[in-house]
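Written out below as structure tokens is the structure these notes cover.
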Amino acid sequence: MRLFQEAEISWTARGNGSNILGFELDEGAIIDLNRMRELSFDEKNWSVRIGPGVSAFELQRAAFARGYRVHVAEPAALVVASFMCSGILSLFATSYGTSAEGVLDARFVAPDGSAFSMNQKEGPNLFAFAPAPQSTPGICVSADLKLHPMTDDEEGALIPCSTLAEGLELARELAQRRIGFAVGVLGIEYVASFMSPTQELAGEVKSVLADSLGMACLVLVLGDSYAMGSLKQMGHPLIDQRLFRALSLGLPDLASAPWLDLLPQLSQDEPFGYLKAEGFAELAETALAPSPERLAQKVDPELREFHEKLYARPELTDLVWLNMFRITSSRIGREKHFFPILLYLPLEAGLIEELGARFQAIAKPRGIKHEVGFVTPIDAGKRCIFEYDYYVDQCDAGEIARVREAIAEVAAVIDEVGARTGTLRWMRYVLYQGFCRMENLLYTEVPRG
């Protein structure tokens, strides 16, 4: 680093959070951190030290084998880079927080070649947050992250909602009541894509959930048996772990299942009330005949044997495991590359619906596919992470140009609403500030217009 500075050579570090989409390119030197793969546990202090070359899947697998969970992002993402770039964005942020909430300490080499750590009082203050673009503090060479306990009674449930506002209100209530260690409002595109092994099947599932069953979103809750008991006491119709497994392995017959026509008769004037009907799980299992073999029939013939073996593993239909390891997250980009618009903001249905409607109004006349991604409550439901997605064919120059125009308008909307409310934090301003204190990120005053 000192040599580069003395020779006035620009540099970019791969694995240091230089770009949320992984575009670490530069005319100068490229520093590849992939071989810095330290991974050591300090269980007595509930921490793990990692180098910048360790991926989320590698870390989670090692922690899981020891009975712990770590707050990480997509499986292929390098964990240190995720912190540097944006902090960790996941449904587990409901209980684990984001940004510096997951970090005990981290060590850096500054652009001038000097070394410092987060806990060093005379070093740069990485806990601060400024709502403006920042330059890199240097290269993070290692980080000490928190280990979280797990229990042997963890499971998940999905609560369907007729409107996005309904899902947002439920997610906020769950966060306020501390029910569940992970909560998220999931758009139907997300749910259908994550569940389906092929793009064709994802389209069919999305149509069934949204059009046939009238679901605008689903609220995912992960928790122990006490959290699940509280959730059931709240009285919402829900898809429990057993039913989720039946739906997942029975997806090929979901659209054609004759029992779909019977569901309104079982609802008893309550939206999705059929989920409360006695014996409904058994009915679904009979109608769908779920099995790894049946699901594998929807993939290409040469892949069927592999998918049969894959889906014979219980983890592939376990809501907790799937959200810990996030191995199906890449499916969201199968049809087109997706561009996430990520915001931190108050968990207020009116505000989120306003932003979603304006993002939609920008995308629709340009022919850009657009969907609500997810909303995750954080800090007891006072704030949330909101993702709205644009989809673009990276091989279509015209579509790329339209998306660029749209993002420019999106930026103007975010700046306008942010200036009006003083509460929005756009991810573009979090770059290189992912180690900031969570409260500074969420509540630092943004100048109003």
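Any read-out appearing in this document is the output of simple, stated calculations on the displayed coordinates, not a laboratory observation. Since the structure is predicted, the reported quantities are computational estimates derived from the model, not experimental observations. Cβ coordinates were reconstructed from backbone atoms using ideal geometry, including for glycine residues, and neighbour counts include every protein chain displayed.
Residues of region 405-449 that are aromatic (Phe, Trp, Tyr) and more than 18 Å from residue 362 (Cβ to Cβ): 429, 432, 435, 443. The helices (runs of 4 or more DSSP H) found wholly in region 296-390 include none carrying at least 1 residues that are touching a Leu at 6+ places or on another chain (Cβ under 8 Å), buried (at least 19 other Cβ atoms within 10 Å of the Cβ) and among the charged types (D, E, K, R). The residues on offer are 401, 397, 357, and the sole one that is hydrophobic (A, V, I, L, M, F, W, C), out of contact with any Ser or Thr (no Cβ under 8 Å at 6 or more places or on another chain), under 20 Å from residue 428 (Cα atoms) and free of Cβ contacts under 8 Å to residues at least 60 places away in the same chain is 401.
For residue 255, the criteria (1) free of Cβ contacts under 8 Å to residues at least 60 places away in the same chain; (2) assigned to a strand (DSSP E or B) hold in every case but one, which is (2).
Considering region 77-94, and only residues there that are of a type in the set (A, V, I, L, M) and touching a helix residue (DSSP H, G or I) at 6+ places or on another chain (Cβ under 7 Å), the residue that is nearest to residue 385 (Cα to Cα) turns out to be 91. If you scan region 159-194, which residues turn out to be buried (at least 22 other Cβ atoms within 10 Å of the Cβ) and in a helix (DSSP H, G or I)? Of everything in region 159-194, those that are buried (at least 22 other Cβ atoms within 10 Å of the Cβ) and in a helix (DSSP H, G or I) turn out to be 167, 168, 171, 172, 174, 175, 188, 189, 190, 191, 192, 193. Can you tell me which condition residue 214 does not meet? The list is (1) surrounded by fewer than 17 Cβ atoms within 10 Å (Cβ to Cβ); (2) of a type in the set (Gly, Ala, Ser); (3) part of a helix (DSSP H, G or I), and all the others hold. With respect to (1) surrounded by fewer than 17 Cβ atoms within 10 Å (Cβ to Cβ); (2) of a type in the set (Gly, Ala, Ser); (3) part of a helix (DSSP H, G or I), residue 214 is out only on (3).
One line per residue, one yes/no per condition, for (1) in contact with a Ser or Thr (Cβ under 9 Å, 6 or more places away or on another chain); (2) without any contact (Cβ under 8 Å) to a residue 60 or more places away in the chain; (3) surrounded by fewer than 16 Cβ atoms within 10 Å (Cβ to Cβ):
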position	(1), (2), (3)
80	yes, no, no
89	yes, no, no
95	no, no, no
98	yes, no, no
104	yes, yes, no
107	yes, yes, no
110	no, no, no
119	no, yes, yes
129	yes, no, no
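Picking from residues in region 53-76 that are part of a loop (DSSP other than H, G, I, E, B) and more than 12 Å from the chain's Cα centre (by Cα), the one that is surrounded by the most Cβ atoms within 10 Å (Cβ to Cβ) is 54. Restricting the first member to region 204-215 and to residues that are more than 16 Å from residue 193 (Cα to Cα), and the second to residues that are aliphatic (A, V, I, L, M) and in a helix (DSSP H, G or I), the beta-carbon pairs closer than 7 Å and six or more apart or on different chains are 212/260.
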